[in-house]
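Notes follow the structure.
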Amino acid sequence: MRKLRMGMVGGGKDAFIGAIHRIAANMDGLIELCCGALSIKPEIAKASGKELFLPEDRIYLTYEEMIDKESKMPADKRIDFITIVTPNFAHFAPAMKALDNGFNIVIEKPMTFTLDEAKQLKKKVEETGLILCLTHTYSGYPMVKQARAMVHDGALGKIRKIYVEYLQGWLSKLSEREGNAQAAWRTDPKKSGKAGAMGDIGTHAAHLAEYISGLKITKLCADLNIVVEGRHLDDDGSVLLKFDNNVSGTLTVSQVAAGEENNLKIKIYGEKGGIEWAQQEPNTLLIKWLDKPAEILRAGSNYTNELSSFATKNCRTPGGHPEGYLEAFGNIYHNFAQTLLSKLEGKEPTKEMLDFPGIEDGVRGMAFIENVVASGNSKEKWIRYEV
């Protein structure tokens with residue numbers, strides 16, 4: 001009966017996603033940040049640790065130092081897991097070292113730099129029996145979980161069609177050459193990997209489509225574009241998809257859709273009807289029926305008779321009280337924390353606790369990047385989805 005102890009790699013001063021992770025981890029009072037290697041720059045690492053009130057002897061300058069020293073600490077002080085919030089190229093090494101030293105992991109997506117690294121990480125997770133949580137945030141929304149439950153329970157009948165799109169406009173200019181640090185590493189093949197927009201937000205869209213539908217991508221045909229002259233990675237693209245059971249779909253992403261903020265939408269259609277969900281209106285799920293008027297479902301912890309247990313467990317307030325991105329992020333951490341606490345206490349976690357993205361999702365995310373880039377470079381119309 002104690003809080004889980006967390007260490008963090010990356011996420012120092014002025015790092016957007018590190019602060020989001022700390023808010024999410026702290027939301028339910030189950031986790032406390034105990035140490036960190038918060039920057040590769042020593043002065044920023046030290047200053048960041050002080051601002052977060054970390055003990056001076058637990059502000060580390062490298063992840064190697066942090067993992068080595070924390071692994072030698074007594075059980076009542078040693079951290080339970082490590083959150084990795086570095087750019088893509090710096091995920092694999094700290095993750096492998098953490099697992100080798102007995103630490104569970106929360107890690108940003110895409111999980112690794114290459115598919116081969118993802119497979120190595122999967123093998124290590126299986127060998128150690130430790131838990132890896134991947135922060136595909138959008139699967140943490142209650143109404144995404146409601147959509148998934150309805151598809152799984154057959155409410156829509158046999159699934160026929162999937163449409164998913166993720167539109168942003170923040171890279172409409174060559175921002176990476178104008179001092180934008182977030183743009184600089186995301187558009188650098190040495191730091192981001194093979195894909196730009198498809199790796200950054202396309203992986204989210206693909207995961208959401210597979211998560212809600214319960215179907216896996218089997219084939220694809222991709223068209224990738226570099227719209228802004230001088231950019232080195234794709235900033236726009238579309239993909240034709242084939243899923244299990246010959247279900248067809250489309251995936252569209254763009255980071256040069258000027259004026260768009262974070263416009264992620266998904267529509268899934270079956271024999272009896274369809275569902276529609278949008279990240280910018282996350283508490284609403286629209287259900288369209290073939291033979292009766294459409295319905296609007298709303299998130300709320302008091303709607304236990306109308307929503308699935310997966311949805312209501314991840315609602316924090318009664319209907320009408322807005323919950324958004326931070327709460328969805330918090331749900332990922334909450335379910336991971338409950339699963340880990342159950343494991344530490346020798347108990348079996350519930351299926352609702354286990355509902356967070358993991359190592360398999362990470363491997364499939366890297367496979368998506370590899371296959372999309374291969375298809376974009378190929379003269380073939382369709383390529384088989386290799387994992």
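What follows is calculated from the coordinates using simple rules that are stated; it is not laboratory data. Being a predicted model, the structure only gives us computed values, none of them experimental. Quick reminder, even Gly has a Cβ in these numbers, built from the backbone with ideal geometry, and neighbours come from all protein chains shown.
Things worth noting here:
- Binning the alpha carbon pair distances of the range 181-253 at 5 angstrom intervals from zero yields the distribution 3, 16, 25, 22, 14, 10, 7, 2, 0, expressed in whole percent.
- Cβ crowding within 10 Å ranks LEU52, LEU174, LEU115 as LEU174, LEU52, LEU115, fewest other Cβ atoms first.
- When each of the peptides 192-200, 160-168 is scored by how many other beta carbons lie within 10 Å of its residues on average, the order from highest to lowest is 192-200, 160-168.
- Across the alpha-carbon set of the chain, the Rg to Rh ratio works out to 0.96, Rh being the Kirkwood radius.
- Normalised Debye scattering of the range 117-274 at q = 0.08, 0.15, 0.21 Å⁻¹ gives log10 I(q)/I(0) of -0.28, -0.90, -1.30, counting only Cα atoms as equal scatterers and leaving out solvent.
- Taking all Cα pairs closer than 8 Å and separated by 6 or more residues, the relative contact order of the range 4-130 comes to 24 percent.
- Based on DSSP H segments of at least four residues, each scored -39500 (n - 2.57), the chain has a per-residue ellipticity at 222 nm of -10000 deg cm²/dmol.
- Dipole in debye (nearest 20) - the chain, about Cα centre, beta carbon charges: Lys, Arg +1; Asp, Glu -1: 480 debye
- Packing-based order for 298-305, 223-230, 206-213, using average beta carbon neighbours within 10 Å, highest first: 206-213, 298-305, 223-230
- One equal scatterer on each Cα of the range 18-159, no solvent, Debye formula: the resulting log10 I(q)/I(0) at q = 0.09, 0.13, 0.19, 0.22 Å⁻¹ is -0.34, -0.65, -1.20, -1.46.
- Given charges at beta-carbon only (K, R positive; D, E negative), |dipole| of the range 12-58 in Debye: 140 debye
- Centre-to-centre, using Cα atoms only, the range 195-257 and the range 1-55 are separated by 32 Å.
- The range 41-140, dipole about Cα centre (Lys/Arg Cβ +1, Asp/Glu Cβ -1), debye to the nearest 20: 100 debye
- Here the chain carries DSSP beta bridges of which approximately 60% are antiparallel, counting only pairs with both residues inside.
- For the chain, with +1 on Lys and Arg beta carbons and -1 on Asp and Glu, the positive-most of LEU30, GLY7, ILE287 along the dipole: ILE287
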